[in-house]
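Report on the following structure.
The values are calculated or read from the model by the stated rules, or taken from the named source; none is laboratory data. From a predicted model like this one, the values you see are computed outputs, not experimental measurements. Don't worry about glycine lacking a Cβ; one is built from the backbone with ideal geometry, like all the others, and counts go over all protein chains shown.
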Amino acid sequence: MRIDAITIFPDYFAPLQLSLLGKAQDGGLLSINVHDLRSQTSDTHHTVDDAPYGGGAGMVMLADVWGRAIDSVIEDGADLIILTPAGRRFNQELAQELSGARQLIFACGRYEGIDDRVRIHYSQDEYIARNIRVREVSIGDYVLGGGEVASMVMIEAITRLIPGVLGNPLSLAEESHNEEGYLEYPNFTRPQEWRGLEVPPILLSGNHGAIAAWRTSQAKERKESNGN
Ligand code: SAM
């Protein structure tokens, strides 16, 4: 998978070189390319925003600069993701769907967001004919200062679903938020007693059927008590 993130703060993305994602890039499973939006400006101040038509607080990011930045990376079959708190809520189902993408482009807004003509332009027939799809995505019902952290949340959730990225693919099998809306059971490891708290005895029984049944009941209880 190819990932392109476009931002005015490329340094935000440094952590993507660490851990499993760093290894996946080294192993050629993934390429993550971060692009500085300001490199597409042509004025001496590297302007990326202007006041909104119709008045109102804040600044809006320029369609022209965004258009050049996106044109410089977009390939046939790409998913162009415009991060916005007004977008479709990101969840495990969408992560699963996007894990099969060829190219993901993350457009990280700042200020009041990106001129809406960027979304409209890349949604036109000529892009549909190239199998390019625009998606407005939110990572939750709150407002962040920019799309960088939201993109990283999405990148981490999506890329760990790509075969070969996780060291042990079985980790995905019994995980929270699967198709049935399951939440994982609580886990314990050594020592058997910690600060007066014992590991549930059933887990030490060696009875795999009983352990599986206990875990299922714990998962259900968790789901009910978390209101999910
Ligand atoms: N004026 C916008 C509104 O009220 O919908 C909020 C803009 S926000 C301050 C600046 C940028 O942060 C957005 O353009 C978007 O890229 C990003 N952002 C903020 N909250 C987000 C969220 N919940 N999910 C995804 N991106 C978010």
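Taking each residue of segment 136-155 that is more than 19 Å from Ala101 (Cα to Cα) and among the β-branched types (Val, Ile, Thr) and looking for partners that are within 6 Å of the ligand (Cβ to nearest atom) and not in a loop (DSSP other than H, G, I, E, B) with beta-carbon atoms closer than 9 Å, six or more apart or interchain, yields Val143/Pro85. Is it true that Leu172 is on the phi < 0 side of the Ramachandran plot, surrounded by fewer than 12 Cβ atoms within 10 Å (Cβ to Cβ) and among the hydrophobic types (A, V, I, L, M, F, W, C)? No. Looking across Ser138, Ser72, Ser151, Ser99, one residue alone is over 28 Å from Ala51 (Cβ atoms) and touching a helix residue (DSSP H, G or I) at 6+ places or on another chain (Cβ under 9 Å). It is Ser99. Among the residues of segment 125-137, those that are within 16 Å of the ligand (Cβ to nearest atom) and out of contact with any Ser or Thr (no Cβ under 6 Å at 6 or more places or on another chain) comprise Arg135, Val137.
Of all residues in segment 72-87 being within 14 Å of the ligand (Cβ to nearest atom) and of a type outside the set (S, T, N, Q), which is surrounded by the fewest Cβ atoms within 10 Å (Cβ to Cβ)? By that ranking, first place goes to Ala86.
Within segment 129-148, does at least one residue satisfy the condition of being assigned to a loop (DSSP other than H, G, I, E, B) and over 30 Å from Gly87 (Cβ atoms)? No - not one qualifying residue is present in segment 129-148.
Among the residues that make up segment 159-168, is at least one of them under 24 Å from Ile82 (Cβ atoms) and assigned to a helix (DSSP H, G or I)? Scanning segment 159-168, I find at least one residue that is under 24 Å from Ile82 (Cβ atoms) and assigned to a helix (DSSP H, G or I), so the answer is yes.
On the basis of being loosely packed, with under 12 Cβ neighbours inside 10 Å and either within 22 Å of Ile128 (Cβ to Cβ) or out of contact with any Gly (no Cβ under 7 Å at 6 or more places or on another chain) (or both), does Ala69 make the cut? Don't jump to the end; show me each part of the working.
Numbers: loosely packed, with under 12 Cβ neighbours inside 10 Å: no; either within 22 Å of Ile128 (Cβ to Cβ) or out of contact with any Gly (no Cβ under 7 Å at 6 or more places or on another chain) (or both): yes.
The answer is no for Ala69.
Listed here are the residues, each with its yes/no results for (1) assigned by the TED database to the domain that holds Thr159; (2) closer than 27 Å to Thr159 by Cβ; (3) surrounded by 11 or more Cβ atoms within 10 Å (Cβ to Cβ).
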{"site": "Leu183", "(1), (2), (3)": "no, yes, yes"}
{"site": "Asn187", "(1), (2), (3)": "no, yes, no"}
{"site": "Pro191", "(1), (2), (3)": "no, no, no"}
{"site": "Gly196", "(1), (2), (3)": "no, no, no"}
{"site": "Pro201", "(1), (2), (3)": "no, no, no"}
{"site": "Ala210", "(1), (2), (3)": "no, no, yes"}
{"site": "Gln218", "(1), (2), (3)": "no, no, yes"}
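For segment 207-228, state whether one or more residues are over 31 Å from the mean Cα position of the chain (by Cα) and assigned to a loop (DSSP other than H, G, I, E, B). Don't jump to the end; show me each part of the working.
Filtering segment 207-228 for residues over 31 Å from the mean Cα position of the chain (by Cα) gives 207-214.
Okay, now just the ones that are also assigned to a loop (DSSP other than H, G, I, E, B), so 207.
Yes, that holds for at least one residue.
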